[in-house]
Amino acid sequence: MTTPIKASTAVPLSYRVTLTLLEPLFALNGAMMTFLTPQAYVSGITHEPALYSPANQFLYTQLGGAWLLFAFNEVVVMRLVDDLRVWRLLCCGMLVSDLCYHVSSVQAVGGWARFCELGQWTAFDWAVFASAVGPMVVRLLVVAGVGVKNVEEEGGKGKKGE
């Protein structure tokens, strides 16, 4: 059996800071926004304040819960489980969520044609984009192994008891 590769050794510091410090803060901010000011969230994402309905609060609570799960996985699991395989698995799962989130962002503004009108973006749009795309790219890099040290090739491979 091979010794697990330590994420703390293999994953660059900039990736670890993004995934275990910056993004959890973004996720907590998003969760608090959907819990406390869902009208502002909907207005910011869709540019249509009238789309918010208190009857749909359960959807914002679900979204906030998903963001809390992201924050928990990054702050607790990724810090306590120093295993590159676990980090890659978590990043794969979060990438599925990222894909859905970005598709929903395009849907929120009315489709690709409107989404691609960058000159029409608000400061909120840019903040949402930056806070979502940056960590997503880092997850892609971790999963693809870009910038991640392959400790096994550097002599880190071994069997228990060696």
query: Using r as the Cβ-Cβ distance of residue 150 and residue 22, and R0 as 22 Å, what FRET efficiency do you calculate, to the nearest 0.05?
result: 0.30
query: Mind checking the angle between helix 23-36 and the chain's longest principal axis? C-alpha axes, 0 to 90 degrees, to the nearest 10.
result: 30
query: Considering the dipole of the chain built from charges on the beta carbon (Lys and Arg +1, Asp and Glu -1) around the Cα centre, which of 69, 89, 112 is farthest to its positive end?
result: 89
- prompt: So what is the calculated 222 nm ellipticity per residue for the chain, using -39500 (n - 2.57) for each DSSP H run with n of 4 or more, over all residues, to the nearest 500 deg cm²/dmol?
  reply: -19000 deg cm²/dmol
- prompt: How would you rank 10-17, 76-83, highest first, on the average number of other Cβ atoms within 10 Å across their residues?
  reply: 10-17, 76-83
message: How much of the pair distance distribution for segment 7-153 lies past 21 Å, counting alpha-carbon pairs only, in percent?
response: 46
- prompt: Which angle between 0 and 90 degrees, to the nearest 10, do you get for helix 123-144 versus the longest principal axis of the chain when only C-alpha atoms count?
  reply: 20
Förster radius 45 Å - calculated FRET efficiency between residue 130 and residue 2, Cβ distance, rounded to 0.05: 0.75
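All of the numbers you see were taken from the coordinates with simple rules; none came from a lab. Source: prediction; values computed, not measured. Quick reminder, even Gly has a Cβ in these numbers, built from the backbone with ideal geometry, and neighbours come from all protein chains shown.
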